Amino acid sequence: QNFGEHDKTALLGGMGVVLFLLGVVAGLLSRRTATPGTLLAIALGIAGVAAVLGRDDLGQLSVLAPVFSLVAGALVFRLLHRLALEWATDTPDTAYAETSAGGRRRFLIGSAGVVAGAGLAGIIGQVLIDDNNVEASRAAVGPLIPVKPAAVPLGADFASSGTPAYITQEGDFYRVDTALTVPQVSTQSWSLRIHGMVDRPKTYSYADIRNRKLVEQIVTLCCVSNPVGGPYISNAKFIGVYLRDLLDEVGVQPGADQLLSTSIDNYTAGTPIDALLDDRGAMLAIGMNGQPLPVEHGFPARMVVPGLYGYVSATKWVVDMELTTFSSVQGYWIPRGYSQQAPVKTESRIDKPGSFARVGRGTVTVAGIAWAQTKGIERVEVRVDGGPWQDAQLSTEVTKNSWRMWRTFFDLKPGN
Ligand SMILES: Nc1nc2c(c(=O)[nH]1)N[C@H]1C(S)=C(S)[C@@H](COP(=O)(O)O)O[C@H]1N2
Ligand SMILES: [Mo]
């Protein structure tokens, strides 16, 4: 919570600190024999193997990395330990000064070699990771053209008064997920299986989806963990197909009330089927703002359901949909204390002035956003310090599924 969007950086940094401290402890315990340090290298290697085996999006070969680090760690530690012992046990006697200096030299050269080797292995690893990246697969898809583009009328935002732009650009779109490394799924390897309480289970390939008539809709996505005034809300043109069409093809059986979607990295979300079959326009999206989905936002495909918080509806890198019931299975966040049903609450945010900003004498513009996906925003009222409520100007409504901007003007005394 404290680190916000930098949570993963803090987690990785914390892991680095813990590993360093474990290394110090194992080193101190290894004064006499190399066993404690060797055991630490083996234990960390086994933890790495277990982590790799626990993920579906990594190939079998990925297990080589932790196995290699286990073997290298244990062997290198034993080698350095032997060199260090040789140096330490050389009596610091003038007669042996020659040997002692030799022992030290061998230890230092050995250590430098290990550092250089680790660095080189790290660089090679990074190159191999880049090779494995799906940007090429994404580029090969090319721009996506919907049957009927979603138009944005003039006056859809008050960006000049301090609101965000109506459409959020790719790099500015908020990101929330549990993925420590962004899953790399190519269009070739991707497929979507729809099964469970259906008449005709079906598996769709990327081409199956890409070759359908693509629809485009503007939807504001937001996160339930957004604090008041917070940044976890964005708006984009999503391109894809209606989930209702896919569900009609497989034939949802009576009694099913939940669609449990699973991502390639085994994240799950449970969406009420009603919200997928009504007229709000729930989608399987493959594009955002004219381009294939950015990898961080779910390439090749994700769900987008207007009016529901992301954690129950917006599964990225989605590969599996099971029609089931709420009473039989729970999505990822539910046992962690989040509600099973999560419609977006009507809310607003003040973008300008910022918190604790000082305003000067004269007219002060107060501007922000308001959202109530599927219901729409009819009116926003603002007041300052218990004064009278004042109607704000509203931007042109584009769709009830997206945010609406507002602004109002006050004559205020200078101050905070
Ligand atoms: N695979 C996967 N999809 C996910 C999540 C996740 O952790 N993993 N988080 C969800 C949550 S909590 C939110 S708010 C939205 C955020 O989507 P965005 O990162 O594209 O803004 O994605 C949803 N989809
Ligand atoms: Mo979220």
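The values are calculated or read from the model by the stated rules, or taken from the named source; none is laboratory data. In this text the structure is predicted, and so the values were computed from the model without any measurement. For neighbour counting, all protein chains shown are included, and Cβ atoms are generated from backbone atoms with ideal geometry for every residue, glycine included. Calculation scope for accessible area: heavy atoms of the full protein, side chains included, ligands and nucleic acids excluded. Shrake-Rupley method; radii C 1.70, N 1.55, O 1.52, S 1.80 Å.
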Open item on the list: I need the full set of residues from region 125-177 which are acidic (Asp, Glu) and open to solvent by less than 80 Å² (accessible area, probe 1.4 Å), in order please.
Closed with: Asp157, Asp177
TODO: Determine which member of the set Leu180, Leu260, Leu247 is more than 16 Å from ligand 2 (Cβ to nearest atom), outside any strand (DSSP E or B) and buried (at least 18 other Cβ atoms within 10 Å of the Cβ).
DONE: Leu247
Task: Enumeration of residues in region 304-319 that are closer than 21 Å to Ala256 by Cβ, outside any loop (DSSP other than H, G, I, E, B) and within 8 Å of ligand 1 (Cβ to nearest atom) - done: Tyr311, Val318
TODO: Please find, among Ala269, Ala275, the residue that is open to solvent by less than 20 Å² (accessible area, probe 1.4 Å), farther than 22 Å from Ile167 by Cβ and assigned to a strand (DSSP E or B).
DONE: Ala269
TODO: Go through region 185-194 and give me each residue that's of a type in the set (Ser, Thr, Tyr), part of a loop (DSSP other than H, G, I, E, B) and open to solvent by less than 50 Å² (accessible area, probe 1.4 Å).
DONE: Ser186, Thr187
- [ ] Could you tell me whether region 288-303 includes any residue that is β-branched (Val, Ile, Thr) and under 22 Å from Leu214 (Cα atoms)?
- [x] yes
Open item on the list: Within region 384-401, does at least one residue satisfy the condition of being of a type in the set (A, V, I, L, M), part of a loop (DSSP other than H, G, I, E, B) and touching a residue at least 60 places away in the same chain (Cβ under 8 Å)?
Closed with: yes
- [ ] Just one of (1) modelled with pLDDT of 85 or more; (2) within 26 Å of Trp190 (Cβ to Cβ) trips up Leu108, so point out which.
- [x] (2)
TODO: Taking only region 320-339 into account, find how many residues are in contact with a Phe, Trp or Tyr (Cβ under 7 Å, 6 or more places away or on another chain) and either in a helix (DSSP H, G or I) or away from ligand 2 (no atom under 16 Å from the Cβ) (or both).
DONE: 0
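Against the condition open to solvent by 10 Å² or more (accessible area, probe 1.4 Å) and more than 8 Å from ligand 1 (Cβ to nearest atom), how does Phe299 come out, does it pass?
When the stated conditions are applied, Phe299 does not pass them.
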- [ ] Quick one: in region 211-241, of everything that is surrounded by fewer than 20 Cβ atoms within 10 Å (Cβ to Cβ) and more than 16 Å from ligand 2 (Cβ to nearest atom), which residue is farthest from Ile377 (Cα to Cα)?
- [x] Asn211
- [ ] Within region 9-27, identify whether any single residue is within 30 Å of Val228 (Cα to Cα) and either in contact with a Phe, Trp or Tyr (Cβ under 7 Å, 6 or more places away or on another chain) or surrounded by 15 or more Cβ atoms within 10 Å (Cβ to Cβ) (or both), and answer yes or no.
- [x] yes
